[in-house]
Amino acid sequence: MRSFIRQLRPALVAVVVFTILLGVAYPLVVTALGQVAFHDEANGSLVEVDGVVVGSKLLGQNFVAPEYFHPRPSAAGAGYDAAASSGSNYGPTNPEFLAAVGERVAAYRAENGLPDDAVVPVDAVTASGSGLDPAISIANARLQAPRVADERGIELDEVLTLIADHTDGRTLVVLGEPAVQVLPLNMALDALTGRM
């Protein structure tokens, strides 16, 4: 029995020490560093208007009214559900995927007054891997711009300028493609037309 207790003691001490170090101390240190060095990011990069949270810079949300720029389609739950973040997991030859994309292409062309043979940007008709992408391509934004300008009764050039103002460049100059942030762009449109 003594040999068992002698062997058990170091194991229990190791469990207690590592629980304190990795279960308590490490999370507290990382949380403290995040709050000090990256306060906005650590708290969700929330966007506020007059003290009210209206969204996050990191998570897309569904805009469906014609006077707003529309985001990518979402496969996250019922759409833009952060608790169910995921893609559709359908492959590019899956018949259900192809049917859904075909429907989205037709709807996009009709909504934006495009001819039947107009090329539609892929991000306008496919969901991102997370289903929560907050950005769209520049081509997607420019194709939506005439509809938004007409709905709001403003000049197309004003909308195109706002698109340029809300376009982020490539990460670290070489990664990814430039993208337009939908929530800040729609907020700027509201501010411009006095809807906020």
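The values are calculated or read from the model by the stated rules, or taken from the named source; none is laboratory data. On a predicted model such as this, the values are computed, not experimentally measured, just so you know. Using ideal geometry, Cβ is built from the backbone for each residue, glycine included, and neighbour counts are taken over all protein chains shown. Surface accessibility is based on the protein's heavy atoms, side chains included, excluding ligands, DNA and RNA. Shrake-Rupley method; radii C 1.70, N 1.55, O 1.52, S 1.80 Å.
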Rolling a 1.4 angstrom probe over the protein chains, ignoring ligands and nucleic acids, what is the accessible area of HIS39 in square angstrom, nearest 10? 110 Å²
Using DSSP to define loop residues, name the chymotrypsin sites (Phe, Trp or Tyr not before Pro) in region 1-51 whose beta-carbon has at most 15 other beta-carbon atoms within 10 Å. PHE38
Per residue, what accessible area does the chain have, given a 1.4 Å probe and all protein chains present, in Å²? 62 Å²
Tell me the carbon and sulfur percent of the accessible area for the chain, rounded to whole percent, probe radius 1.4 Å. 62 percent
With label points set 7 Å from each Cα along the Cα-to-Cβ direction at PHE97 and ALA84, the distance between them in nm comes to 2.0 nm
If a helix is a whole DSSP H run, which ones in the chain reach 18 Å or further along their own axis (Cα) and hold a mean Kyte-Doolittle hydropathy of at least 0.5? 2-18
